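Colleague: The structure under discussion is supplied below as structure tokens; questions concerning it will follow.
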Amino acid sequence: MNNLIFWIIVCSWLIPMGIRMYNRSRQRRLRDFPPQNYPAPPYPPQNYPIGYPEQPPLVLPAEPQLPVATPAPQAAPPSSATPQANSAPQGYRARKLAELDQEYSDGKIAMEDYMKLRQEIMNG
């Protein structure tokens, strides 16, 4: 306990003395070397654009045009009879995920619900 009281007394004497010494040296430094107000160097003005540069418009490839004079085939099978390759998912999970994705894209369900339902579908 006596050791603690000794250090409290020493610090209460040393800390103010250190602050006074720092302030005196600072005043002496300012007196001997006053701050100089140098004129700004004559650099040319810099005209940087503000913001991001404009992006060029996105150019999509042109869709192939069908010839106008082509007659339609006479014996075409109905479109529902021919299976379309990769147009719809074939498995149960894939179908359910596609339906869920469509509901989320349409804004019918929130992201939290979407993630929960997606996890349930993936777990089985």
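Colleague: By how many nm would the segment from Asn23 to Ile121 grow when fully extended, if each residue of separation counts as 0.36 nm and the alpha-carbon distance is taken off?
Modeller: Once the chain is fully extended between Asn23 and Ile121, it gains 28.1 nm.
Colleague: Same structure, new question: When all protein chains stay in place, what accessible area (Å², nearest 10, 1.4 Å probe) is found for Arg20?
Modeller: Ignoring ligands and nucleic acids, Arg20 comes out at about 120 Å².
Colleague: Which whole-Hz couplings ³J(HN,Hα) result when phi for each residue of region 25-36 is put into the Karplus expression 6.51 cos²θ - 1.76 cosθ + 1.60, θ = phi - 60°, listed in order with x for Gly and Pro?
Modeller: Each residue's phi maps through the Karplus curve to give 5, 5, 5, 5, 4, 5, 5, 6, 10, x, x, 9 Hz.
Colleague: So what's the gap between the Cα centers of region 89-106 and region 1-16, to the nearest angstrom?
Modeller: So the separation of the two Cα centres works out to 75 Å.
The values are calculated or read from the model by the stated rules, or taken from the named source; none is laboratory data. Since this is a predicted model, take the numbers as computed values, not measurements. Each accessible area value is taken on the protein alone, full model and side chains, heavy atoms only, with ligands, DNA and RNA left out. Shrake-Rupley method; radii C 1.70, N 1.55, O 1.52, S 1.80 Å.
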